[in-house]
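Quick notes on the structure that follows.
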Amino acid sequence: MELKKTYVEEYGYKKVITDRNSPLCYLELDFLKLADGESMSLKEIGKETALIILYGKCRVSGENFDFPEVGKRADVFAGPAEAVYIGKDTAYTVTAKGDVKIAVCKAPAEKYFAPAYVKTEDIKTKDLGKGAYARKAAFNFPETVPANLLYIGEFWVSDGNWASFPPHKHDVDNMPTEGALDEIYYFEFDRPEGFGFQAVYTENGDIDEVYKVKTGDTVEVPRGYHPFTVAPNYKNYCLWIMAGKNRGIFSTTEKEHKWMVK
């Protein structure tokens, strides 16, 4: 099962993970890059959208809403990304203020929720793990923002450390212990030669994959455990995009490794 796809950064709109090329039930991922002053108008029928501003600034507007300046950071290592939520069947226009690169995260939507702007000062960050699996995480589009399925954040890992560790999964609807959520990881590194390794595996072994990932790579997680590690002397950025009816971190640690979280 091939779960890795790659986005090559270029101006314009590019579909990377769609409902036709992926085993995921809910998630799709596109990218939008615009030069200063350029605009693009979009509308997704039957879907909700979260725009994660990877770098740069833009205006996001539509009927009855206008967010004139979204985006605060110069690159993915300069703090958490701002986000804009676009509800079901809502047309919107993005206008660049300088170069801007955006992850366009989409999921099926039954209900309409109003567009929302998640500012830097409203984004919670947290230090997770310890020792060789210490990392910082941000919750850019949390469950407190009204939406159907989308739940999105980021993490940063450096110098050989691990993330999504101890290994955990969220593929069974067994609330409140575990929720069934699709996930996508999108990676960038601080140097062009930087890399890491992303595993995706299930207990019964029907999925057992390990991918070398570099800047622009994505890995889909339809089921199973999914730990990640970055190579020593490099810094990693990861955008994690989740979708499911139970929005939040409702996961189960792999039983062999539960002793680490006691």
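The values are calculated or read from the model by the stated rules, or taken from the named source; none is laboratory data. The model shown is predicted, which means the values in this text are computed figures rather than measured ones. When we count neighbours, we look across all protein chains shown, and the Cβ atoms used for this are built from the backbone with ideal geometry, even at glycine.
Before we move on, is GLY56 buried (at least 21 other Cβ atoms within 10 Å of the Cβ) and in contact with an Asp or Glu (Cβ under 6 Å, 6 or more places away or on another chain)? Criteria met by GLY56. Of the residues examined, THR93 is not one that is in contact (Cβ under 8 Å) with a residue 40 or more places away in the chain and within 16 Å of the chain's Cα centre (by Cα).
Restricting VAL104, VAL118 to residues that are in contact with an Asp or Glu (Cβ under 7 Å, 6 or more places away or on another chain), without any contact (Cβ under 8 Å) to a residue 60 or more places away in the chain and not charged (D, E, K, R) narrows the list to VAL118.
Taking each residue of the stretch 160-176 that is farther than 16 Å from TRP259 by Cα and looking for partners that are part of a loop (DSSP other than H, G, I, E, B) and hydroxyl-bearing (Ser, Thr, Tyr) with beta-carbon atoms closer than 6 Å, six or more apart or interchain, yields HIS170/SER251. Checking the stretch 78-92 against the condition returns no match, with no residue being assigned to a strand (DSSP E or B), more than 24 Å from GLU220 (Cα to Cα) and of a type in the set (S, T, N, Q).
Each residue in the stretch 16-29 was checked for being within 15 Å of the chain's Cα centre (by Cα) and farther than 16 Å from GLY46 by Cα, and 3 pass. Counting only strands (runs of 3 or more DSSP E) that sit completely within the stretch 201-262, those holding 3 or more residues that are β-branched (Val, Ile, Thr) correspond to 217-221.
Let's see how each residue does on (1) under 24 Å from THR215 (Cβ atoms); (2) modelled with pLDDT under 95; (3) assigned to a strand (DSSP E or B):
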{"residue": "ALA107", "(1), (2), (3)": "no, no, yes"}
{"residue": "ALA114", "(1), (2), (3)": "no, no, no"}
{"residue": "PHE139", "(1), (2), (3)": "yes, no, yes"}
{"residue": "ALA147", "(1), (2), (3)": "no, no, no"}
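Taking the conditions exactly as written (crowded, with 21+ Cβ neighbours inside 10 Å and either in a loop (DSSP other than H, G, I, E, B) or touching a Gly at 6+ places or on another chain (Cβ under 6 Å) (or both)), does ALA180 satisfy them or not? Against the criterion (crowded, with 21+ Cβ neighbours inside 10 Å and either in a loop (DSSP other than H, G, I, E, B) or touching a Gly at 6+ places or on another chain (Cβ under 6 Å) (or both)), ALA180 does not qualify. The strands (runs of 3 or more DSSP E) found wholly in the stretch 1-77 and carrying at least 3 residues that are within 20 Å of GLY98 (Cα to Cα) and touching a residue at least 60 places away in the same chain (Cβ under 8 Å) occupy 28-34. Among the residues of the stretch 159-177, those identified as surrounded by 17 or more Cβ atoms within 10 Å (Cβ to Cβ) and touching a Pro at 6+ places or on another chain (Cβ under 7 Å) are TRP162, SER164, PHE165, PRO167.
Just to verify a result, which residue in the stretch 216-258, among those that are over 14 Å from the mean Cα position of the chain (by Cα) and of a type in the set (Val, Ile, Thr), is nearest to PRO146 (Cα to Cα)? Only one residue tops the list, namely THR252. Every residue in the stretch 59-81 that is modelled with pLDDT under 95 and surrounded by 13 or more Cβ atoms within 10 Å (Cβ to Cβ), please. Scanning the stretch 59-81 gives a single hit, LYS72.
From the list THR49, THR120, THR125, the one residue that fits, being under 17 Å from the mean Cα position of the chain (by Cα) and either crowded, with 23+ Cβ neighbours inside 10 Å or of a type in the set (Gly, Ala, Ser) (or both), is THR49.
Looking at this structure, is LYS126 within 16 Å of ILE53 (Cα to Cα), basic (Lys, Arg) and part of a strand (DSSP E or B)?
Numbers: within 16 Å of ILE53 (Cα to Cα): no; basic (Lys, Arg): yes; part of a strand (DSSP E or B): yes.
No.
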